[in-house]
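To start, the structure itself, in structure tokens.
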Amino acid sequence: MENLLAPIQGFLNCETPDAWVAEAAKKENLAVLLTDHLICELKAAQSAMFLIRRYAVDADSAKALLDWLKPYEDFTYRQIGDWRELEKFKLNKSMLVKSGSRYGQDLVDKMVMLIREELHHFYQVLEMMNNYGVVYDKIESSRYAKGLLRHVKTHEPDALIDKLICGAYIEARSCERFAKIAPFLDKHLGDFYISLLRSEARHYQDYLTLATDIAGKDISQRIAYFGEVEADLISSSDEDFKFHSGLPSQ
């Protein structure tokens, strides 16, 4: 596990505060922890889908992506459907890069793989919630992702590059938190988080590789800028406890 964590810890500008870990380990916060984690998995899949729909694939492929995610979104936002049925919904169409797109098959392939993994993890979190008697109910999102994305530039290709950098930080922080919280949870849930760390550790690197390739230039200053923004969100006081929240307010 240390081999996976070392590059992640080197990428992030700060560690998760011990105070957040203590808050996350409280039994009374288990429902919020799992529910927000569930929603984060879906949002990760949606973000990847948006990128390839917006920038890369043709209209038929874009519709296939929407159809793929719709049952997950129906369950999460409209509480429609049986969660046990979700794993049967698959992407059954090859993604085709649209004519004239500046962005190639690598963006599509990496993001489709990420979507598959995030939706599988979404289902696994639902299984965990069922095991722990946590009934799904909608909750508000934390400030974290919005706090990153508000710094995204508005012109292309810089907007896409910034979004990919934000995706890298979100994925890296998730992995770091899986490792931080796992020892303080019961073994079943802790082992689950370690398994997610192993499978998701690649995601932030995929985002960074895509951002660097698309930019075609040195973007280290932009990566460092978002690193400072992300660290401030994690280390500053936050009244709302969530999976990506900051320092719990006293």
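A compact table of results
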quantity	calculated
Some residue of region 196-211 being surrounded by fewer than 20 Cβ atoms within 10 Å (Cβ to Cβ), modelled with pLDDT of 95 or more and more than 14 Å from the chain's Cα centre (by Cα)	no
Pair list, Cβ < 7 Å and 6+ apart or interchain, from region 156-179 residues that are within 12 Å of A48 (Cα to Cα) to residues that are polar (S, T, N, Q) and open to solvent by 10 Å² or more (accessible area, probe 1.4 Å)	G167/S47
Considering residues of region 143-175 that are touching a Cys at 6+ places or on another chain (Cβ under 9 Å) and in a loop (DSSP other than H, G, I, E, B) only, the residue least open to solvent (accessible area, probe 1.4 Å)	V152
Hits in region 219-246 (condition: surrounded by fewer than 18 Cβ atoms within 10 Å (Cβ to Cβ), among the acidic types (D, E) and modelled with pLDDT of 95 or more)	E228, D232
Long-range neighbours under 9 Å by Cβ, at least six apart or interchain, first residue outside any helix (DSSP H, G or I) within region 219-236, second of a type in the set (A, V, I, L, M) and open to solvent by 50 Å² or more (accessible area, probe 1.4 Å)	S236/L247
Only listed residue being within 15 Å of the chain's Cα centre (by Cα), farther than 20 Å from V108 by Cα and surrounded by 15 or more Cβ atoms within 10 Å (Cβ to Cβ), chosen from F178, F192	F178
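The values are calculated or read from the model by the stated rules, or taken from the named source; none is laboratory data. No experiment lies behind these values; they were computed from the predicted model shown. Quick reminder, even Gly has a Cβ in these numbers, built from the backbone with ideal geometry, and neighbours come from all protein chains shown. Please note that ligands, DNA and RNA were not included when accessible areas were found on the heavy atoms of the full protein model with its side chains. Shrake-Rupley method; radii C 1.70, N 1.55, O 1.52, S 1.80 Å.
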